[in-house]
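Written out below as structure tokens is the structure these notes cover.
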Amino acid sequence: MQHTIDRPYHHGDLRRTILDTAMAMLHEDRGWQFTLREIARRAGVSHAAPYKHFADKASLLAEMALIGFDRLREALSQDKPDASGSLRDTFFGMGRAYMRFATANPGLYRLMFSADAGRQPADVHLDERALAACEPLIALLMRGQAEGALRPRDVRGQMAACWGQMHGLALLTIDGLLLPEKVGADALDNALMTLMEGLEA
């Protein structure tokens with residue numbers, strides 16, 4: 001006779017199990033075509049279990065995207081500006097950290113900027129956790145302006161220029177399109193140098 005053992009979940013444990021399972025599936029498939037039912041089956045919980053924490057799939061994807069922004073902020077903060085490092089070194093380190101994060105997590109990176117996460121794009125991108133991912137770069141740009149090394153422009157505009165360029169480079173790399181035959185052997189560093197020179201006073 002086969003016995004089933006009920007696995008006792010506290011609310012936090014169940015939520016974490018659903019998220020961890022969905023993240024694993026996202027990483028394996030590089031996409032989010034899975035259903036909540038498939039996540040529940042793989043996690044070993046009832047089909048209704050995900051709905052205890054997520055109203056629907058869009059809500060789950062929104063939380064996954066926000067986790068991505070949490071991790072991106074952590075990656076960028078490892079190269080946060082301080083008085084001991086040069087502005088250029090920190091800028092280049094931050095750019096490389098952004099690219100490492102994107103290429104190591106292609107499915108998650110795409111999800112972070114997908115309209116599928118949340119009911120409206122602003123649901124994710126205006127969340128304080130997503131906005132916090134911009135803070136390391138904004139702090140670096142503010143430092144550069146205060147030192148007189150960067151042009152005195154609107155910091156958020158400068159941040160948008162940096163983000164736009166890095167986002168494009170990341171997607172081209174993920175898709176295997178940043179080809180040396182087309183853009184040269186050191187495309188990332190050359191692009192960062194061009195961007196930096198445009199920011200400098």
Problem set entry | Yes/no for Lys57 being touching a Leu at 6+ places or on another chain (Cβ under 6 Å) and open to solvent by 30 Å² or more (accessible area, probe 1.4 Å) | yes
Exercise. Taking the range 109-139, which residues are in contact with a Lys or Arg (Cβ under 8 Å, 6 or more places away or on another chain) and open to solvent by less than 20 Å² (accessible area, probe 1.4 Å)?
Worked result: Ala132, Ala133, Pro136
Problem set entry | Among the candidates Gly95, Gly148, residue that is under 23 Å from Gly198 (Cβ atoms), open to solvent by 40 Å² or more (accessible area, probe 1.4 Å) and out of contact with any Pro (no Cβ under 7 Å at 6 or more places or on another chain) | Gly148
Exercise. Among the aliphatic types (A, V, I, L, M), out of contact with any His (no Cβ under 6 Å at 6 or more places or on another chain), at pLDDT 95 or above and outside the structural domain of Thr194 (by the TED database), is that true of Ile39?
Worked result: yes
For this session: Considering only residues that are among the β-branched types (Val, Ile, Thr) and farther than 20 Å from Leu87 by Cα, look in the range 161-201 and name the one that is least open to solvent (accessible area, probe 1.4 Å).
Result: Ile174
Exercise. Mind checking which residues of the range 15-24 are open to solvent by less than 60 Å² (accessible area, probe 1.4 Å) and within 13 Å of Leu60 (Cα to Cα)?
Worked result: Thr17, Ile18, Leu19, Thr21, Ala22, Met23
For this session: With the condition kept exactly as written, say whether any residue in the range 175-193 is in contact (Cβ under 8 Å) with a residue 40 or more places away in the chain and over 19 Å from Thr90 (Cα atoms).
Result: no
For this session: For the range 141-161, state whether one or more residues are under 28 Å from Glu28 (Cα atoms), at pLDDT 95 or above and part of a helix (DSSP H, G or I).
Result: no
Problem set entry | Test for Val124: is it closer than 20 Å to Leu72 by Cβ, β-branched (Val, Ile, Thr) and over 14 Å from the mean Cα position of the chain (by Cα) | no
Problem set entry | Top-ranked residue of the range 30-41 - restricted to ones that are part of a helix (DSSP H, G or I) and hydrophobic (A, V, I, L, M, F, W, C), ranked as farthest from Ala102 (Cα to Cα) | Ala40
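The values are calculated or read from the model by the stated rules, or taken from the named source; none is laboratory data. Keep in mind that what you see is a predicted model, and the values were worked out from it rather than measured. Don't worry about glycine lacking a Cβ; one is built from the backbone with ideal geometry, like all the others, and counts go over all protein chains shown. Quick note on the areas: whole protein, heavy atoms, side chains included, nothing else; ligands and nucleic acids left out. Shrake-Rupley method; radii C 1.70, N 1.55, O 1.52, S 1.80 Å.
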